[in-house]
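Have a look at the structure below before the remarks.
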Amino acid sequence: MALTKDTRLPLNDGNSIPIIGLGTYASADVPKSVGEEATKVAIDVGYRHIDCAYIYGNEVEIGRAIREKIADGTVKREEIFYTGKLWCTYFSPDLVRKGLEKSLSDLQLDYLDLYIMHWPFALKPAGAEEPSNPDKPFVYDDVDFCSTWEALEAIKDAGLVKSIGVSNFNRRQLERLLNKPGLKYKPVCNQVEAHVYLSQSKLHEFCKQHGIVLVAYSVLGSHRDKNWVDLSTPVLLEDPVLASVAAKYKRSPAEIAMRYILQKGLVVLAKSFSPARIKQNLGIFEFELSVEDVKILDGLDKNLHYGPFKEMKEHPEYPFHDEY
């Protein structure tokens with residue numbers, strides 16, 4: 001089947017997800033209005049999947065962009081697939097709905113298409129602060145994500161979200177959730193870092209066996225935000241092998257990196273705030289990598305996490321101690 005910007009992958013709950021989405025994370029020094037304008041551009045050129053999160057701090061602006069494009073007739077609400085994320089300070093079952101309602105209020109939307117647990121570990125503010133303040137220091141919380149999942153199932157039943165999933169879960173954590181007594185809904189997806197330096201092939205195979213879609217973030221490597229990323233790591237888009245493949249297809253290294261992940265059967269989240277690049281990224285549907293070139297790119301895998309969230313490595317649920 002030829003892939004297009006309108007292609008969707010089926011989810012295990014009967015819904016479907018567009019195979020390309022706009023990522024909207026930005027570091028604190030980027031004005032939130034930039035993400036708002038980028039979202040409008042993306043919808044104008046054909047993106048229908050917008051990926052955001054409470055912790056990004058820009059759901060007011062992203063929601064406004066979506067509503068403006070609905071109001072001007074560019075899209076209908078049901079044509080937009082919006083992914084939101086439950087932040088770790090809302091994992092207590094009695095706070096899950098509160099976390100969702102905060103996002104719905106900021107977005108001014110009636111429902112989310114997909115709501116996922118942002119990480120497998122729970123946090124709580126270090127003091128008496130509200131969990132909604134992301135600028136305060138956090139301490140570990142011992143909430144079991146399986147109890148959080150039950151609260152997510154309840155908000156799905158309430159019609160506030162269409163689908164529920166997870167992010168940054170390893171195989172062992174997925175297995176624990178899938179084997180939970182009384183499980184009502186399987187996660188429809190696992191959103192993880194994936195790119196030519198981190199192919200996630202073993203995790204992807206496990207997810208396929210259980211009907212879970214793998215959604216890839218940081219497909220172009222990383223934003224190089226020094227607060228999150230080790231700046232000594234190699235810049236993916238400067239890789240000479242990637243550059244040579246790009247030259248062969250007369251495409252940018254970014255397009256090759258994205259097409260590679262797409263052909264692996266993952267959903268691709270493309271983060272860019274440049275109108276020209278947002279449009280250019282749709283060029284990944286204009287060509288196909290050969291089997292030989294896919295194998296060449298397979299050889300670049302270094303099992304490299306650009307965003308390992310090392311601050312949480314002592315947490316019992318830190319996901320990256322396992323192989324996958």
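The values are calculated or read from the model by the stated rules, or taken from the named source; none is laboratory data. Values in this document were obtained by computation on a predicted structure and should not be read as measured data. Don't worry about glycine lacking a Cβ; one is built from the backbone with ideal geometry, like all the others, and counts go over all protein chains shown. In case anyone asks, the SASA skips ligands and DNA or RNA and just uses the protein heavy atoms, side chains included. Shrake-Rupley method; radii C 1.70, N 1.55, O 1.52, S 1.80 Å.
General remarks:
- Proximal charge balance of V161 [Cβ under 13 Å; K/R count +1, D/E count -1]: -2
- Using a probe of 1.4 Å on the protein chains alone, the accessible area found for R77 is around 40 Å².
- Selection from Y217, Q263, P275, by position along the positive dipole direction of the range 166-302 (Cβ): Y217
- For the pair the range 66-91 and the range 242-278, the centres of their Cα atoms are 24 angstrom apart.
- Residue of H204, H49, H195 that the Gaussian network model of the chain assigns the largest fluctuation, springs spanning Cα pairs under 10 Å: H204
- Of C146, L86, A158, farthest towards positive along the dipole that unit charges on Lys, Arg, Asp, Glu beta carbons give the range 79-182: C146
- K76, K250, reordered so the largest accessible area comes first (probe 1.4 Å): K250, K76
- Under 5 Å, built H, 5+ apart or other chain: amide partners of S16: L11
- Taken about its Cα centre, the range 194-324 carries a charge dipole of roughly 460 debye when the Cβ of each Lys and Arg holds +1 and the Cβ of each Asp and Glu holds -1.
- GNM flexibility winner over the chain from K271, K85, K180 (Cα, springs under 10 Å): K180
- The range 1-106 - Rg (one decimal) and Dmax (whole number), Cα, Å: 14.6, 45
- K69, K248, ranked by accessible area, largest first (probe 1.4 Å): K248, K69
- Cross-link reach is defined here as a Cα-Cα straight distance under 14 Å, omitting same-chain residues fewer than 8 places apart; for K162 the aspartates and glutamates meeting it are D13, E78, E79, D110, D113, E153.
- Using distinct alpha-carbon pairs, which all enter the 1/r mean, Kirkwood radius of the range 77-188 in Å: 14.4 Å
- From phi via Karplus (6.51, -1.76, 1.60), per-residue ³J(HN,Hα) for the range 180-186 in Hz, x at Gly/Pro: 5, x, x, 4, 9, 10, 6
- Efficiency of FRET between A71 and A28 - r from beta-carbon atoms, R0 35 angstrom, step 0.05: 0.75
- Accessible area of the chain divided out per residue, in Å², using a probe of 1.4 angstrom: 43 Å²
- Loop-resident sites, the range 180-237, for trypsin sites (Lys or Arg not before Pro), counting at most 11 other Cβ within 10 Å (DSSP): K226
- About its Cα centre, the dipole of the range 140-266 is roughly 600 debye, where the only charges are +1 on Lys and Arg Cβ and -1 on Asp and Glu Cβ.
- Exceeding the 21 Å Cα-Cα cut-off - candidates K264/K295; K226/K279; K85/K186; K32/K124; K102/K226; K98/K313: K226/K279; K32/K124; K102/K226; K98/K313
- Most fluctuating residue given options M117, M258, M312, as computed from a GNM of the chain linking Cα atoms under 10 Å: M312
- Simple Cβ-charge dipole of the chain, Lys/Arg +1 and Asp/Glu -1, about Cα centre, in debye nearest 20: 600 debye
- Entry note, the range 153-285: relative contact order of 20 percent, from Cα contacts under 8 Å with a spacing of 6+ residues.
- Straight Cα distances below 13 angstrom link K76 to the aspartates and glutamates D44, E68, with same-chain residues fewer than 8 positions distant left out.
- Taking the three principal axes of the alpha carbon atoms in the chain, the coordinate ranges are 56, 48, 39 Å, sorted in descending order.
- Expressed as a whole percent, the accessible area of the range 204-261 that falls on carbon and sulfur atoms is 57 (1.4 Å probe).
- In sequence order, calculated HN-Hα J values of the range 281-287 (Karplus, 6.51, -1.76, 1.60; Hz; x Gly/Pro): 4, 6, x, 5, 8, 9, 8
- Extension gain, K98 to N15, is 27.4 nm, computed as 0.36 nm per intervening residue step minus the present C-alpha separation.
- Apportionment of accessible area to carbon and sulfur, the range 150-200, percent (1.4 Å): 47 percent
- Helix-derived mean residue ellipticity, 222 nm - over the chain, DSSP H n ≥ 4, -39500 (n - 2.57), to 500: -10000 deg cm²/dmol
- Interchain or long-range residues, amide H under 5 Å from Y185's placed H: none
- Orientation-averaged projected area, Cα convex hull of the range 165-324 (nm²): 10.5 nm²
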